[in-house]
Amino acid sequence: MNFLRSCVSHSSEVVRCVANYSVSCGRCDSPAGRNALYCMNRYNVTLSDVLSPKFVNLVWEYATKDTSAEQEQLVALLRECIMIRDNVFTLPNFYTVADVQCIISYVCKPSSG
């Protein structure tokens with residue numbers, strides 16, 4: 001959709017025309033049209049929403065609508081552990097790489113609930 005949006009708002013009239021045609025007239029006959037229809041159905045939005053810059057925010061809201069505070073905290077912990085593992089962040093020397101990998105594995109295991 002990012003590519004399609006950039007085509008629809010391109011400075012070249014030819015690119016804009018082809019992109020608009022593939023979405024408006026091509027619908028299911030063109031990959032771009034099918035992609036736009038799929039996104040409209042999946043996210044329950046209009047074509048103008050799909051082609052607008054706010055579409056990224058709509059997708060983010062859709063993807064995170066059922067995310068709990070606990071899940072957000074686990075993601076933050078996992079991000080920090082990965083950065084420690086990759087030597088972006090550091091810990092005191094008494095923590096080993098195996099310790100950090102163990103924490104990462106524990107955070108990533110499926111919950112039993």
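The values are calculated or read from the model by the stated rules, or taken from the named source; none is laboratory data. These numbers come from a predicted model, not from an experiment. Counting neighbours? That spans all protein chains shown, and the Cβs are built from the backbone with ideal geometry, glycine included.
Only a single criterion out of (1) of a type outside the set (A, V, I, L, M, F, W, C); (2) under 30 Å from L4 (Cα atoms); (3) free of Cβ contacts under 8 Å to residues at least 24 places away in the same chain is not satisfied by N35, namely (3). For the condition touching a helix residue (DSSP H, G or I) at 6+ places or on another chain (Cβ under 9 Å) and more than 21 Å from Y62 (Cβ to Cβ), S24 qualifies. Taking the criterion of being touching a helix residue (DSSP H, G or I) at 6+ places or on another chain (Cβ under 9 Å) and over 27 Å from R42 (Cβ atoms), the residues of the range 57-95 that qualify are L77, C81, I82, I84, R85, V88, F89, T90, L91, Y95. Contact map, the range 59-87: first residue touching a residue at least 12 places away in the same chain (Cβ under 8 Å), second residue among the polar types (S, T, N, Q) and exposed (fewer than 11 other Cβ atoms within 10 Å of the Cβ), Cβ cut-off under 9 Å, separation 6 or more or different chains; pairs are Y62/N44; I84/T90.
Being outside any helix (DSSP H, G or I) and either among the hydroxyl-bearing types (S, T, Y) or surrounded by 13 or more Cβ atoms within 10 Å (Cβ to Cβ) (or both): is that true of S11 here? Please lay out each step first, then the result.
Numbers: outside any helix (DSSP H, G or I): yes; either among the hydroxyl-bearing types (S, T, Y) or surrounded by 13 or more Cβ atoms within 10 Å (Cβ to Cβ) (or both): yes.
For S11, the condition - outside any helix (DSSP H, G or I) and either among the hydroxyl-bearing types (S, T, Y) or surrounded by 13 or more Cβ atoms within 10 Å (Cβ to Cβ) (or both) - is met.
Of everything listed in (1) in the same structural domain as C7 (by TED's automatic domain parsing); (2) out of contact with any Phe, Trp or Tyr (no Cβ under 9 Å at 6 or more places or on another chain); (3) surrounded by 14 or more Cβ atoms within 10 Å (Cβ to Cβ), the single unmet condition for D49 is (2). Given the structure, is V59 surrounded by 14 or more Cβ atoms within 10 Å (Cβ to Cβ) and within 15 Å of the chain's Cα centre (by Cα)? Answer is yes for this residue.
Could you pull out every one of the helices (runs of 4 or more DSSP H) wholly within the range 32-102 that has 1 or more residues that are modelled with pLDDT under 90 and under 30 Å from V15 (Cα atoms)?
The helices (runs of 4 or more DSSP H) meeting that bar are 47-51, 55-64.
So for the range 11-26 (the condition being free of Cβ contacts under 8 Å to residues at least 24 places away in the same chain, over 30 Å from Y106 (Cβ atoms) and touching a Leu at 6+ places or on another chain (Cβ under 7 Å)), does at least one residue qualify? Yes, some residue in the range 11-26 is free of Cβ contacts under 8 Å to residues at least 24 places away in the same chain, over 30 Å from Y106 (Cβ atoms) and touching a Leu at 6+ places or on another chain (Cβ under 7 Å).
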